[in-house]
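Chemist: Following this message is one structure expressed as structure tokens.
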Amino acid sequence: MRKLTYYIACSIDGFIGDPQGDASSMYSFVNEEYQAWMNAEYPETIPAHARAALGIDADNKHFDTVVQGLASYRIALDAGITSPYGHLRELVATRSLAESPDPNVELIADDLVGRIRELKAEDGGLGVWLCGGSTVAGALVDEIDELVIKTYPQVYGSGMPMFGAGFEPRDFALGTVRAFDNGVLVRTYTRKR
């Protein structure tokens, strides 16, 4: 059984972006040490155009599939990129797009949970990366097996939460914690079932 991992950046107070989802203020913390770690440990999470610019030609280490919502995908579309993660199988949860702008991108209009369960049940392969955003994470919260949270040393006060879901406690066990000199913490949690 493959696992669904929510690999996400957030502020200290748990926001993944401002009220419109912009997280560009976090980019200032990406220094040489931290970027080198991301490139080595999670190379598949670097968008294809950035991989080329950074000289990354690494095999996928954790994921072979990415799932994201339209707001996350829209960032690439607005930049003229129709397949931001062409080195992965890409799925976009949306009811707004009627037709995929790229043959590598599968649109999911209905039964997102069912489609994720199908992906998790596939034999072999690497895991499934939940890229964002808040609404999709909220819809899939009960399917998430692992959290990899990159916490940036900022407090937003308000904004887009990690999970756009109602209140219901769900337990996870802390795994690894990695601290960087720039103040970023990367914590891994596994779902307690």
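Chemist: Restricting the search to the stretch 120-154, which residues are under 18 Å from THR45 (Cα atoms) and over 16 Å from the mean Cα position of the chain (by Cα)?
Modeler: Scanning the stretch 120-154 gives a single hit, GLY125.
Chemist: Could you tell me which residue of the stretch 102-149 is nearest to ALA23 (Cα to Cα), considering only residues that are small (Gly, Ala, Ser) and without any contact (Cβ under 8 Å) to a residue 40 or more places away in the chain? Break it down into steps so the answer makes sense when it comes.
Modeler: First, the residues of the stretch 102-149 that are small (Gly, Ala, Ser): 109, 114, 121, 124-125, 127, 132-134, 137-139.
So of that shortlist, the ones also without any contact (Cβ under 8 Å) to a residue 40 or more places away in the chain come out as 109, 114, 124, 138.
On the way: ALA109: 26, GLY114: 29, GLY124: 34, GLY138: 18 Å.
Per the criteria, the residue is GLY138.
Yes/no matrix, rows are residues, columns are (1) in a loop (DSSP other than H, G, I, E, B); (2) out of contact with any Asp or Glu (no Cβ under 7 Å at 6 or more places or on another chain):
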position: LEU140; (1), (2): no, yes
position: LEU147; (1), (2): no, yes
position: TYR156; (1), (2): yes, no
position: ARG170; (1), (2): yes, yes
position: ASP181; (1), (2): yes, no
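Chemist: Shifting gears a bit: Wholly within the stretch 22-112, which strands (runs of 3 or more DSSP E) include no fewer than the required count, namely at least 3 residues that are buried (at least 19 other Cβ atoms within 10 Å of the Cβ) and modelled with pLDDT of 95 or more? Steps first, please.
Modeler: Values: elements: 63-69, 89-93, 105-108.
In the stretch 22-112, the matching strands (runs of 3 or more DSSP E) lie at 63-69, 89-93.
Chemist: Would you tally the residues in the stretch 1-44 being under 19 Å from GLY69 (Cα atoms), hydroxyl-bearing (Ser, Thr, Tyr) and either in contact with a helix residue (DSSP H, G or I) (Cβ under 7 Å, 6 or more places away or on another chain) or without any contact (Cβ under 8 Å) to a residue 12 or more places away in the chain (or both)?
Modeler: Taking the stretch 1-44 and keeping what is under 19 Å from GLY69 (Cα atoms), we get 3-10, 14-24, 44.
Then drop every residue that is not hydroxyl-bearing (Ser, Thr, Tyr), which leaves 5-7, 24.
Narrowing further to those that are either in contact with a helix residue (DSSP H, G or I) (Cβ under 7 Å, 6 or more places away or on another chain) or without any contact (Cβ under 8 Å) to a residue 12 or more places away in the chain (or both): 6-7, 24.
The number of residues fulfilling the criteria is 3.
The values are calculated or read from the model by the stated rules, or taken from the named source; none is laboratory data. Note that this is a predicted model, so its numbers are computed, not measured. Positions of Cβ are backbone-derived with ideal geometry, glycine not excepted, and every protein chain shown enters the neighbour counts.
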